[in-house]
Amino acid sequence: MAIETAGLTEGCKSKALENDRNYHYILFLGTSPSTRGQGLCSKLVKHYQTIASKEGVPIWLEAATEYRWRLYLKLVFVTVEELKLGVERAAETGRHCKGGEAVTLRG
């Protein structure tokens, strides 16, 4: 699904970033379920928000889970588009599953 992801997100990213050639890209971010609720991801994202703000550049990120998407919304990011990856080939969790609902990716 990585190749599929890159192809789908490019259009979404172009829409959001328009003419911005420079930007920060948070590719993967997560915590173990046992450490959730401690603010670790929020602290890390806020750190990069400070850096990006000083540089005058936007941040691009994608959320493949509802949990992560809600976190990003709390940190004042907006959803540009919802994409479906692995339609008929993957479950919502990303595991291979014939006839699966697909993974929802929000950019």
In region 8-50, anything in a helix (DSSP H, G or I), aliphatic (A, V, I, L, M) and either within 16 Å of residue 78 (Cα to Cα) or open to solvent by less than 50 Å² (accessible area, probe 1.4 Å) (or both) is listed as 16, 17, 45
Expected output for region 56-83 (first residue modelled with pLDDT of 85 or more, partner assigned to a helix (DSSP H, G or I) and open to solvent by 30 Å² or more (accessible area, probe 1.4 Å), Cβ below 8 Å, 6+ apart or cross-chain) is 58/16; 59/48; 59/49; 60/16; 75/46; 75/49
Residue hits (region 51-69; farther than 18 Å from residue 14 by Cα, among the charged types (D, E, K, R) and surrounded by 11 or more Cβ atoms within 10 Å (Cβ to Cβ)) are 55, 66, 68
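The values are calculated or read from the model by the stated rules, or taken from the named source; none is laboratory data. The shown structure was predicted, so the numbers you read here are calculated from the model rather than taken from an experiment. Cβ atoms come from the backbone with ideal geometry, glycine included; neighbour counts cover every protein chain shown. Side chains are part of the model used for accessible areas, which takes the heavy atoms of the whole protein and leaves out ligands, DNA and RNA. Shrake-Rupley method; radii C 1.70, N 1.55, O 1.52, S 1.80 Å.
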